[in-house]
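Asker: Quick one: this structure, given as structure tokens, is what I'll be asking you about.
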Amino acid sequence: MLVIPAIDILGGECVRLKRGDFSDKKVYSTDPVAVAKEFERQGAGMLHIVDLDGAKTGRPANTEIIRAIKKAVRIRVEIGGGIRSSAVAKEYLAFADRIVLGTKALEDISFIEGPIREFGSERIVVALETKGGKVATEGWQKTLEGDFRDAAQTLKRAGVTELLFTDVGRDGIMGEPNYEMVQELIGLGFNVIASGGVSDTSALTKLAALGASGAIIGTALYEKKLTLQEALEATRPASHLTKRIIPCLDVKDGKVVKGVSFENLQNVGDPVSLGKKYSDEGADELVFLDISASREGRETMFDVVEKVAKEVFIPFTVGGGISSIGQIRKLLQLGADKVSLNTAAVQNPELISEAARAFGQQCVVVAIDAKKKGDGYGVFLKGGTEETKLDAIEWAKEAERRGAGEILLTSMDKDGTKAGYDIELLRRVSLAVRIPVIASGGAGSLEDLRAACVEGKADAVLVASLFHYGEHSIKEAKEYLSKAGIPMRI
Amino acid sequence: MKIAIVDYGASNLQSVANALTSLGQKFEVVAEPKTLTGFDKVIVPGVGAAGSAMKKLRESGFAAVLPTLTVPVLGLCLGMQILAEFSEEDDTQGLGIISGKVRRFVTELKVPHMGWNTVGLARDSKLTEGVPDGSFFYFVHSYYLPVDPQYTIGISTYEVDITAIAQYKNFYGTQFHPEKSGEWGMKILDNFCRIC
């Protein structure tokens, strides 16, 4: 999560207002450029600059100072306050990284659609300010009809992905952010920067845990209640361990199937060249799923594994029809790093324990095909056609107890729909076990990958058609997720 | 040059062998400790648990020979951990080539520490020449060797700082799997092959 120091400028000076009241201001510095440079020196990754004169009059009044700030620092800068025409938006975006649109965006939705189309949604932040659950406008003096959820839905339809959320009444008085609303907006799929009431490290860690993409700190910083170093330290990740992107290749009789289509690839159906291609493009791991129906078809998988291991130097997992310790031993000896057990594990759970004892838990992946059943999720076999009595969450916990090193969780409801991963299923399983969970089934956009990692708390995402048909490259996916604040190996 | 991959029956050697082949290096898989002395480089792979690995190293006789080697030795993953004095895993006595005690992760984070993590370079070593500071490597482990300025070359963080790359005299080690860590993992293996 980004910790973003605010620089509010009024009459060329760096000030703070109490609850947005222009008559209740306190001047902290007459040199906003120096303040910006100091924040950069202390380690900020982005600055949030507000032209308060602009916000008040509707016309930018501190453009030259803001331009000077952008020139003086190398970190990202977002600008808000008084951006009420596309001309001003354009002028700012010519040098700033992002702009924040306020009041006008909510009253005239067509105003935000243009800039989003022209500059991309990641550069257009919309400020959503609420008061008693309603949307506040005009310097927080008025509220709009309908509650904030309606406004959020309208913004979502307009293509907005970035929200700057403030619950009015908490800004400038060092209270606490409205966590419930932040969580709700994240749940709707927005990248949410929380603003207002972020005054101590506990608020920052709570926001980070909720999955907020950033938090703006202002008054607490200027009043020296909190230093930027403390804020950065509190939100510093405990680890740089990345989320993993794992392309999945279905292999039948030694050939990759499911219409993988690449240009400039000699042998499209060859698992070795495809695996190598994905590895070169930055895949973190690979999964080869054997879908051969015949015994002869399965035998060819051993050759595939042996060849892949000679050319691909990232970890790879083999799954599909594995049912004995002998098969597992052979696959690992040929160079596979992990095996994925599905039907055989359900029919004979002891296989998980035996494999973990013999080869270590790190190489035992238990694949679970889950389908919504009442309030919960049931475990299904054979591509979702055969129902079992098992509950998916309980089964995941048992697999962990028996020594599984990872859970590969496929939603049979979402698989093949491209409608997004089943976030609820993912979240429930991820919170129930302490081993990594790989999300599978339903990826239709890069945003779906983000949601699986953040809201679904998945440790890795399995991706098939999104990459196979060239809709997106792994590089694009990693850049997208990285920008959303998710640690990625790039 | 002759490289030995130590086969003490505990781990899967194929991935290391494949990586060396791809680097154009010749190697032999050695199961007989006495013959180790004829090699210029020795690689000790390791997957599995410390207790059974040390048991096999003792039974096979490698445990007596390895500490006496003067050629470059590279321990991978568990192969690095057993260079230390002791491991909390199965309360195991290690080879004691380097000081220190291997500990279990006690953390709210998921264990094993599995996946790609960055390695910060704490000091120079021939093993890491040309490898950028902060490069990613692939880790899978539940126990770790704490940081010790005596031998820690590279540091990774998983709530606590851990020794990701070690060097003490002619003994080298990586906690991650260089043979599974893409470009920079291969660079480290290549560097090891070139140490003289």
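The values are calculated or read from the model by the stated rules, or taken from the named source; none is laboratory data. Here the structure is a predicted model, which is why all the values come from computation and not from measurement. All Cβ positions, glycine included, derive from the backbone under ideal geometry; neighbour counts span all protein chains shown.
Asker: Collect the residues in segment B:13-50 that are touching a Cys at 6+ places or on another chain (Cβ under 8 Å) and either under 26 Å from B:E88 (Cβ atoms) or not in a loop (DSSP other than H, G, I, E, B) (or both), keeping them in residue-number order.
Answerer: Once the filter is applied, which keeps residues that are touching a Cys at 6+ places or on another chain (Cβ under 8 Å) and either under 26 Å from B:E88 (Cβ atoms) or not in a loop (DSSP other than H, G, I, E, B) (or both), segment B:13-50 yields B:L20, B:K41, B:P45, B:G46, B:V47.
Asker: So A:D250 ticks every box in (1) surrounded by fewer than 23 Cβ atoms within 10 Å (Cβ to Cβ); (2) within 14 Å of chain B (Cβ to nearest Cβ); (3) assigned to a strand (DSSP E or B) but one. Which box is left unticked?
Answerer: (2)
Asker: Same structure, new question: Taking segment B:137-180, which residues are touching a helix residue (DSSP H, G or I) at 6+ places or on another chain (Cβ under 8 Å) and either within 10 Å of chain A (Cβ to nearest Cβ) or farther than 19 Å from B:A122 by Cα (or both)?
Answerer: Scanning segment B:137-180 gives B:F137, B:Y138, B:V140, B:H141, B:S142, B:Y143, B:H177, B:P178, B:E179, B:K180.
Asker: Can you find, within segment B:86-142, the residue that is modelled with the lowest pLDDT among those that are part of a helix (DSSP H, G or I) and surrounded by fewer than 17 Cβ atoms within 10 Å (Cβ to Cβ)?
Answerer: B:D90
Asker: Checking the condition at pLDDT 90 or above and on the phi < 0 side of the Ramachandran plot, which residue from A:V256, A:V312 passes?
Answerer: Details: A:V256 fails: at pLDDT 90 or above.
Criteria check complete, one pass: A:V312.
Asker: For segment B:1-33, give me the residue count where each residue is of a type in the set (D, E) and within 14 Å of chain A (Cβ to nearest Cβ).
Answerer: Matching residues across segment B:1-33 total 1.
Asker: Which of the numbered conditions does A:T166 fail, given that it passes all the others? Conditions: (1) in a strand (DSSP E or B); (2) closer than 30 Å to A:S465 by Cα; (3) not aliphatic (A, V, I, L, M).
Answerer: (2)
Asker: Okay, next question. Restricting segment A:342-378 to residues that are under 21 Å from A:D422 (Cα atoms) and crowded, with 23+ Cβ neighbours inside 10 Å, which is farthest from the chain's Cα centre (by Cα)?
Answerer: Taking the candidates together, the pick is A:N342.
Asker: Among the numbered criteria (1) in contact with a Gly (Cβ under 6 Å, 6 or more places away or on another chain); (2) β-branched (V, I, T); (3) loosely packed, with under 14 Cβ neighbours inside 10 Å, which single criterion is violated by B:T21?
Answerer: So B:T21 meets the others, but not (1).
Asker: Out of all the residues in segment B:44-63, which are among the hydrophobic types (A, V, I, L, M, F, W, C), free of Cβ contacts under 8 Å to residues at least 40 places away in the same chain and closer than 19 Å to A:A356 by Cα?
Answerer: Of the residues in segment B:44-63, the ones among the hydrophobic types (A, V, I, L, M, F, W, C) are B:44, B:47, B:49-50, B:53-54, B:57, B:62-63.
Still in the running and free of Cβ contacts under 8 Å to residues at least 40 places away in the same chain: B:44, B:47, B:63.
Across segment B:44-63, the qualifying residue is only B:V47.
Asker: For segment A:291-318, how many residues meet the condition of being crowded, with 22+ Cβ neighbours inside 10 Å, more than 13 Å from chain B (Cβ to nearest Cβ) and either under 34 Å from the mean Cα position of the chain (by Cα) or among the acidic types (D, E) (or both)?
Answerer: 2
Asker: If you take the residues in segment B:99-126 that are out of contact with any helix residue (DSSP H, G or I) (no Cβ under 9 Å at 6 or more places or on another chain) and farther than 30 Å from A:I407 by Cβ, which one is nearest to the other protein chains (Cβ to nearest Cβ)?
Answerer: The selected residue is B:G120.
Asker: Out of segment A:278-290, which residues are within 19 Å of A:E476 (Cβ to Cβ) and either at the interface with chain B (Cβ under 10 Å from one of its Cβ atoms) or over 27 Å from the mean Cα position of the chain (by Cα) (or both)?
Answerer: Once the filter is applied, which keeps residues that are within 19 Å of A:E476 (Cβ to Cβ) and either at the interface with chain B (Cβ under 10 Å from one of its Cβ atoms) or over 27 Å from the mean Cα position of the chain (by Cα) (or both), segment A:278-290 yields A:S279, A:D280, A:G282, A:A283, A:D284, A:E285.
Asker: Evaluate segment A:68-80: report whether one residue or more is among the acidic types (D, E) and more than 33 Å from the chain's Cα centre (by Cα). Break it down into steps so the answer makes sense when it comes.
Answerer: Looking only at segment A:68-80, we keep the residues that are among the acidic types (D, E), and these are A:78.
Of the ones still in play, those that are also more than 33 Å from the chain's Cα centre (by Cα) are none.
Within segment A:68-80, not a single residue is among the acidic types (D, E) and more than 33 Å from the chain's Cα centre (by Cα).
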